[in-house]
Amino acid sequence: MLRLSEHTQRIRHVPHILYHWRATAGSIAADANAKGDVEKLQVAAVRAHLERKGVAARVHSDPHFHHHAVLEPPPRAHWPKVSIVIPTRDARHHIGRCLASIFERTTYPDFEVVAVDNGTTDRTARAILEQYRIRVVPYDEPFNFSRANNLGVAAAAGEYVVLLNNDTEVITPDWLQLLVFHLEQPDVGAVGPLLLYPDDTVQHAGVVIGARGTADHVMRHFPAETDGYAGSLSCTREVSAVTGACLVCRRRDYETLGGLSELYATHYQDVDFCLRVLASGRRILFVPQARLYHHESATRGTYYDFVDRLLLRDTWGDLITRGDPYYNRNLSLARLDYTLRGADEVTA
């Protein structure tokens, strides 16, 4: 299948049950450890595939989950410059924790931070912004998330840009290496990490189109150290969108696509942007080995913008109706935990 995928992208999934897998004695269907040499062969197949594709990567078996191959970027002398764009206002505890985690934990050798300040008046928060070697872009207008990020990207000097919420916190020191490594593949347009709540359960592991009639995160509140559904929480995989709380793309692509649409005041501008990335012919990847905390409950209120909802449905209604190509239509869009769709749920 890997060799076939190197010659065609015309590969489709048939979302119907056509075959029941035999679970005979001695088969992997009955016991994942039945054939001891399979994992080595799987790693060898993936390594050969990457070599044929010209992708430099280290490949090894996942120490926690059987039959998964883990890809890591190899050591290199040069990494492209990355600009981390953070909209912020006051919120001393959040911006302080966010910046401290970036500068104290990140091992990426060449990055800058661009803080888009929407009128910070809190003295402690202002002192925090002055404490770090960052670029501060003043934003003295009524807050618009898209506008703030667009201003930050316009001031950025990096080849790659990270859109990052101020209520996030870096967990894995090599988060940028992992994300940039996957984004450097020419057919990838955006990537996003695994975001966790402070209790180490999933906040973001990719976005499913069609959930709640628009879009939502899959596997919310799953334990972080589980495999997910068929490796969906432990393996890098394609998704239709990733959250703007931490989204990485090429600055050139961001500008070519017009950045985040400022028509969206509060919600869904990240989904809209990702769907435009897909429409441009590039893929979007969820990369679970890169991890950050998202203290979402600390900053997110109960307000829901129905105008943004209507705008997304008006713009992408056909795609929403067709269903997410990366989420089986037999699975529930109400629960997003990979349970089967209920009889009362409307099919696409």
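Odds and ends about this structure:
- Among (1) open to solvent by 60 Å² or more (accessible area, probe 1.4 Å); (2) under 27 Å from the mean Cα position of the chain (by Cα); (3) more than 30 Å from V113 (Cα to Cα); (4) touching a residue at least 12 places away in the same chain (Cβ under 8 Å), the one test that V43 misses: (1)
- Residue count, the stretch 82-120 (criterion: buried (at least 17 other Cβ atoms within 10 Å of the Cβ), assigned to a loop (DSSP other than H, G, I, E, B) and more than 19 Å from the chain's Cα centre (by Cα)): 5
- Screening A334 on (1) modelled with pLDDT of 95 or more; (2) open to solvent by 10 Å² or more (accessible area, probe 1.4 Å); (3) among the hydrophobic types (A, V, I, L, M, F, W, C); (4) closer than 30 Å to L18 by Cα shows it passes everything except condition (1).
- Among the residues of the stretch 319-344, those identified as of a type outside the set (A, V, I, L, M, F, W, C) and in contact (Cβ under 8 Å) with a residue 24 or more places away in the chain are T321, R322, G323, D324, P325, Y326, Y327, N328, R329, N330, D337, Y338.
- Restricting the stretch 125-136 to residues that are basic (K, R) and open to solvent by 100 Å² or more (accessible area, probe 1.4 Å), the residue that is nearest to the chain's Cα centre (by Cα): R133
- Annotation note: of R251, R309, the sole residue that is surrounded by 13 or more Cβ atoms within 10 Å (Cβ to Cβ), basic (K, R) and in contact with a strand residue (DSSP E or B) (Cβ under 6 Å, 6 or more places away or on another chain) is R251.
- Test set (1) touching a residue at least 60 places away in the same chain (Cβ under 8 Å); (2) among the small types (G, A, S); (3) more than 29 Å from P142 (Cβ to Cβ) - A230 fails condition number: (1)
- Note on the stretch 137-203: enclosed strands (runs of 3 or more DSSP E) holding 3 or more residues that are farther than 24 Å from H93 by Cβ, open to solvent by less than 30 Å² (accessible area, probe 1.4 Å) and touching a strand residue (DSSP E or B) at 6+ places or on another chain (Cβ under 7 Å) are 188-196.
- Candidate set: the stretch 236-258, residues that are assigned to a loop (DSSP other than H, G, I, E, B) and touching an Asp or Glu at 6+ places or on another chain (Cβ under 8 Å); chosen: the one farthest from H94 (Cα to Cα): S240
- Within the stretch 205-235, if we keep just the residues that are of a type in the set (D, E, K, R) and assigned to a loop (DSSP other than H, G, I, E, B), the residue that is most open to solvent (accessible area, probe 1.4 Å) turns out to be E225.
- Test: residue in the stretch 59-77 that is of a type in the set (G, A, S), assigned to a helix (DSSP H, G or I) and more than 23 Å from the chain's Cα centre (by Cα): no
The values are calculated or read from the model by the stated rules, or taken from the named source; none is laboratory data. Computed from a predicted structure; not experimentally measured. Neighbour counts run over all protein chains shown; Cβ positions are idealised from the backbone, glycine included. SASA here: full protein model, heavy atoms, side chains in, ligands and nucleic acids out. Shrake-Rupley method; radii C 1.70, N 1.55, O 1.52, S 1.80 Å.
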